[in-house]
Structures are given as structure tokens and as C-alpha cells.
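Structure first, commentary second.
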Amino acid sequence: MENILEIKQLDKVFGKLHALEDININIEKGTFNALVGENGAGKSTLAKCIMGQYTPTSGEIIYKNTPLKTHSNRDSLSKGIGMIYQHFMLVEKLTVMENLLMGQSKIPFLISWKKEKEKLQAFMDKMPFHLNLNQKVSELSAGEKQKLEILKMLYLDCELLILDEPTSVLTPDEGEEVLSILKSMVKEKGLTIIIITHKFREIFGFADYVHVLRKGKHVGQAPVKDLDKESLATMMIGEKVIKEKLNVVNFPNPKLKLKINQVTTDSDLSAPLKDLNIELYQGAIYGIAGVSGNGQKTLVDLFAGLEEPTEGSIEINGEPLAVTRKKLHAQKIRCIPEEPLKNACVPNMSVEDNMVLHVFDLEPYAKYGFIQQKKITEYADQRTKEYKVKMPSLQSPISNLSGGNVQRAVLAREISASPEVVIFSNPCFGLDFNATNEIRSRILELRNNGCAILLLSEDLDEIIELSDKIGVIYHGTIVYETTNDKDIDIKLIGKKMAGHE
């Protein structure tokens with residue numbers, strides 16, 4: 001089969017960072033390709049080289065048998081190469097038709113709206129899905145916005161389409177629908193697709209070929225039918241993935257540890273909560289599933305003291321939640337937000353200092369108002385070894401650690417005091433497979449020791465794997481609850497995430 005894209009000995013260097021090194025990849029015309037690798041593997045850098053946003057340091061990109069020389073997205077679009085980014089590039093206040101027209105390389109000085117609408121309607125009639133040209137983008141669902149992004153590229157006659165995490169803001173049903181549409185267009189219209197994704201369900205469900213990057217190098221490509229999840233994971237991280245399965249401990253008469261009762265917020269910073277009700281019991285994980293932006297951040301901010309309810313109450317062991325250091329210690333509650341380096345650490349401070357943020361002024365780490373440095377070092381050393389935190393030294397800035405090791409350090413700090421309630425938000429975001437498996441095992445171990453865990457995650461697979469009970473959050477309220485057993489209806493969860501009755 002003919003290659004539409006050939007990448008030959010491509011290097012990209014930023015100062016001392018070798019972001020891409022000797023990349024050689026062939027993409028066949030009319031195929032669905034997955035570009036995979038851990039965070040920092042070089043996937044987005046490679047995509048930006050193809051799109052002309054970066055100029056390769058050396059090597060070449062051949063598109064349709066001709067060297068590709070582009071200096072911007074517009075250059076690439078003019079040659080039939082389009083990219084859809086993780087976050088929508090749409091003007092919310094304009095209509096579908098206006099957004100489609102804005103994508104053109106040349107917009108006429110005077111627009112004949114009647115002619116343009118006729119052209120767009122004729123184009124829309126040929127597509128496997130349709131949108132109302134007169135509808136404002138702000139009125140579209142996330143799935144419809146993703147479809148509009150695809151329509152923009154197809155209207156510009158794109159033959160090669162790159163998508164960066166195309167389903168990250170979609171429900172499972174919306175994601176499957178969008179990928180199914182793209183797959184049909186690959187088969188029927190000869191479109192060539194490259195998706196950047198970390199979801200095995202998407203790779204094995206839709207891709208023809210997978211291309212793997214690791215630490216800036218191309219380490220392999222293969223037909224998806226020749227791989228399984230274990231072999232693909234090994235290609236991505238360079239070592240065998242070992243997953244320990246913990247036995248689940250059941251508590252016969254669990255105590256109610258956390259009660260969120262009719263909580264409403266009036267948030268200016270994120271999506272508000274509306275009459276939110278959750279009950280969390282000892283030795284159980286309550287997983288909250290939902291599309292990003294439905295109040296998850298606000299809920300975490302309540303436990304961090306960044307938000308307060310305007311109505312309703314939050315109780316820990318029957319007492320009102322009070323977000324002060326003294327009270328949180330007494331109530332044995334911990335909150336681990338997403339992206340802990342940004343939200344739970346002081347990046348320029350040492351690992352050692354970050355490990356004692358909660359206790360540095362308490363005995364035995366402080367005495368008569370004086371820091372007991374030896375005790376602090378012993379504590380930090382013991383905890384980082386226990387949680388296998390890899391670092392140059394305890395004195396290294398915590399920002400120098402990898403994402404997985406920052407997460408391990410924060411976990412070691414937060415759960416070493418045997419908390420009774422822990423709130424996790426996207427605990428494995430951006431982590432490699434081994435780190436993800438380790439963190440999830442730690443969460444289950446914490447649960448088995450009797451801790452009550454509130455787990456917020458945009459990864460539905462993670463919610464299903466870990467949770468005892470699942471609640472779906474939509475527009476700031478729990479709209480559906482189910483126990484996590486063999487009869488769980490994943491499609492129904494997806495519908496509830498989209499707000500369908």
C-alpha cells in the first residue's frame with residue numbers, strides 16, 4: 001500500500017533536550033494509526049513538527065512523495081494535513097456555519113451567506129453525521145463540538161488528520177461514536193488518521209497500526225492485531241509490567257465517615273455544585289465518574305478550603321468539616337489533588353521539606369519552637385524509601401522528580417499518618433503503567449485498612465477498577481448511583497455522564 005507520510009531520521013533538539021532522536025515512521029494511506037507513549041515521549045513534539053509549528057533540527061518529512069516544508073498550521077492545512085487539538089479551537093458565540101467558514105485559508109472580503117450556506121449544506125449532506133448550521137457552538141454538546149472540529153478539517157479537504165487525545169472531554173458513548181465515524185471514513189473515503197492516545201480500549205478497538213515512542217525515540221510499530229495489552233505496555237515503558245491484584249476486604253458494619261448533605265456552591269472559579277449528596281463509609285471507595293467541568297474541581301476545593309458551601313453541610317464522623325490544620329489532623333482527613341506538583345507541593349523546596357509540610361512544627365520534629373532537623377531527615381528518608389521514591393537526594397527540589405515519583409512522595413506524606421478519609425482527584429493522571437499500577441494498589445491497600453476513599457477520576461476504567469460504589473456527577477449533582485458488581489451497566493453510566501435520562 002502507498003505511504004502518505006514518511007518520517008526519516010528526524011531529530012528535534014531544544015537546547016540540551018533531545019526531544020526526538022532518529023525517528024523513522026511510515027504511515028500508509030487510508031489507515032487508522034495510534035501514536036502512543038508515556039508523557040514526555042515526544043508524541044506532541046512529533047505532531048507539531050508535522051504541522052509546521054516546530055522545524056526539525058535534522059531529518060525530513062515526506063508527504064505524498066514530496067518533502068514537506070511548512071511553517072504554520074495554515075501551511076499544513078493548504079497541503080491537506082489537519083490537526084484537532086485536545087481542547088476545542090472553536091468560537092463559542094458563533095454558529096456552526098461561521099466556525100466552518102473561519103477555518104478556510106482565504107476568507108472572501110464580502111461573504112455571500114446564501115451561497116456559502118448552500119455549499120456547506122451540500123457538503124454536510126455527504127457526511128456521515130450532521131449538525132445544524134445555524135446553531136451556536138455554545139449550544140452544542142461536547143460530542144457535537146468534536147464532530148464540528150472534524151467537519152472543519154474535512155471541509156478543507158484534509159487527507160491526513162491528526163487528533164490529540166480526541167475523546168478526553170467526551171463520555172464513553174460520545175467517544176465511541178466519534179471514533180466509529182472516523183473509522184468508517186478511513187474505510188470508505190480513504191482518510192488517513194493518526195490519534196495520540198493512552199487508552200488501550202481505543203487502540204485495540206479502532207486502530208490498524210500502532211507506533212510507539214519512548215523517551216524521544218521510535219521503538220516500534222506493528223499491526224494492532226499482532227499485539228496484546230501486555231506486549232504494547234512493555235513496548236511503551238521498556239520493561240515487563242507487573243500488576244498485583246489485592247484481595248478486597250469487606251467490613252460487616254461499616255461506620256459512616258463522610259456525609260455531604262445538600263451541598264450547593266456559588267463558585268466563580270469552577271463549575272458550581274447543586275444539592276450534592278454523598279455518603280462514604282469505612283473501608284469503601286466511592287468513585288465519582290463524570291465529564292470534566294461538572295463540579296469535580298469545586299468538590300475537591302471544598303476539602304482544600306478554597307471553596308465554601310452556600311447551602312448544605314459536610315460532616316466527618318458526625319462533626320462539621322473545618323478546613324484548618326489542627327482540625328484536619330484531628331479528623332484524620334487528607335486531600336490529594338490532581339497534578340500534585342502544582343497543587344500539593346512547593347516545587348522549589350527540597351523533597352525533605354515537602355515531606356514534612358504538615359508536621360514540621362509538631363513534636364518530635366519541633367521542640368520548644370526549634371526545628372529538629374535530624375528527626376525531619378529520618379522521617380523523610382524512611383517515608384521515601386517505603387514508597388520507593390526515586391530521586392537524586394532528599395535535598396533535591398521536588399520539581400526535579402518525575403511525575404510518578406512526585407505522586408509517590410505526596411502519597412507517602414499524606415497517608416503515612418493512617419488517615420480515616422482521603423479524597424483523591426485523578427491520582428494516576430500522566431503516570432506510566434508501572435506507576436499507575438503501584439498507585440492503584442496503594443489506594444486499594446488504604447481501603448482494605450479501613451480508610452474511606454472518595455475517588456474522582458475522568459478515567460472511567462479507573463473508577464470501575466477501584467470503586468465499591470459509583471456516582472455519576474452532572475452539572476454539579478449526583479444523577480445516578482450504582483454498586484460496582486458484575487451486572488454494572490457501563491453504557492448507562494456513559495449516558496448519565498452525558499445528562500441523558
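The values are calculated or read from the model by the stated rules, or taken from the named source; none is laboratory data. Just so it is clear, the model here is predicted, and its values are computed rather than measured. Ideal geometry is used to build each Cβ from the backbone, glycine not excepted, and the neighbour counts take in all protein chains shown. Heavy atoms of the whole protein, side chains included, go into the accessibility calculation; ligands, DNA and RNA do not. Shrake-Rupley method; radii C 1.70, N 1.55, O 1.52, S 1.80 Å.
Here are a few things to note about the model shown:
- Here the chain exposes an accessible surface that is 50 percent carbon and sulfur, computed with a 1.4 Å probe and the other protein chains kept in place.
- Taking Cβ atoms as reference points and 12 Å as the exclusive limit, the residues near residue 98 contribute a net charge of +2, counting Lys and Arg as +1 and Asp and Glu as -1.
- Here is the list for region 59-136: GluC sites (Glu not before Pro) lying in DSSP coil, each with at most 14 other C-beta atoms within 10 angstrom of its C-beta, are 92.
- Sorting 141, 267 by accessible area puts them as 141, 267; the probe is 1.4 Å, largest comes first, and only protein heavy atoms count.
- Cα-based equivalent ellipsoid, the chain: semi-axes from gyration tensor eigenvalues, Å: 43, 29, 21
- Coordinate range along principal axes, alpha carbons of region 379-501, Å, largest first: 54, 28, 26
- Other residues whose C-beta falls under 11 angstrom from the C-beta of residue 59 contribute a net charge of -3, scoring Lys and Arg +1 and Asp and Glu -1.
- Using only Cα coordinates, the Kirkwood hydrodynamic radius of region 68-167 works out to 14.1 Å.
- Mean separation of Cα contacts under 8 Å, 6 or more apart, over the residue count of the chain: relative contact order %: 15
- Annotation note: trypsin sites (Lys or Arg not before Pro) in region 423-488 located in DSSP loop regions with a Cβ neighbour count of at most 10 within 10 Å are 486.
- With the convex hull drawn around the C-alpha atoms of region 1-145, the volume per residue stands at 161 Å³.
- Think of region 187-315 as having a plus end and a minus end, set by charges on the Cβ of Lys, Arg, Asp and Glu; of 294, 273, 234, 234 sits farthest toward the positive end of this dipole.
- Solvent-accessible heavy-atom area per residue, rounded to whole Å², over region 340-447 at 1.4 Å: 47
- Kirkwood Rh (inverse of mean 1/r, distinct Cα pairs), region 188-325, angstrom: 19.6
- Amide proton proximity set for residue 474, modelled H, under 5 Å, gap of 5+: 479
- Electrostatic dipole magnitude of region 372-417 [Cβ: Lys, Arg +1; Asp, Glu -1; Cα centre; debye, to 20]: 60
- For region 432-476, size of Cβ-based charge dipole, Lys and Arg +1, Asp and Glu -1, in debye: 260
- The three principal axes of the Cα atoms in region 414-465 give end-to-end lengths of 26, 19, 17 Å, sorted in falling order.
- Environment charge of residue 72, counting only residues whose C-beta is closer than 13 Å and scoring Lys/Arg +1, Asp/Glu -1: +3
- Ellipsoid fit via the Cα gyration tensor, region 291-421: semi-axes of 27, 20, 12 Å, each the root of five times an eigenvalue, largest first.
- Each peptide in 367-374, 413-420 was scored by the mean count of other Cβ atoms within 10 Å over its residues; highest first, the order is 413-420, 367-374.
- Most to least packed among 402-412, 384-394 [average Cβ atoms within 10 Å]: 402-412, 384-394
- Shape descriptor for region 304-362: Rg over Rh equals 1.02 (Cα atoms; Rh from the Kirkwood inverse mean 1/r).
- When the Cα atoms of region 41-106 are aligned to their principal axes, the ranges along those axes come out at 42, 28, 16 Å in descending order.
- Only one residue of 161, 254, 306 has its Cα farthest out toward the positive end of the dipole of the chain, where Lys and Arg carry +1 and Asp and Glu -1 on Cβ, and that residue is 161.
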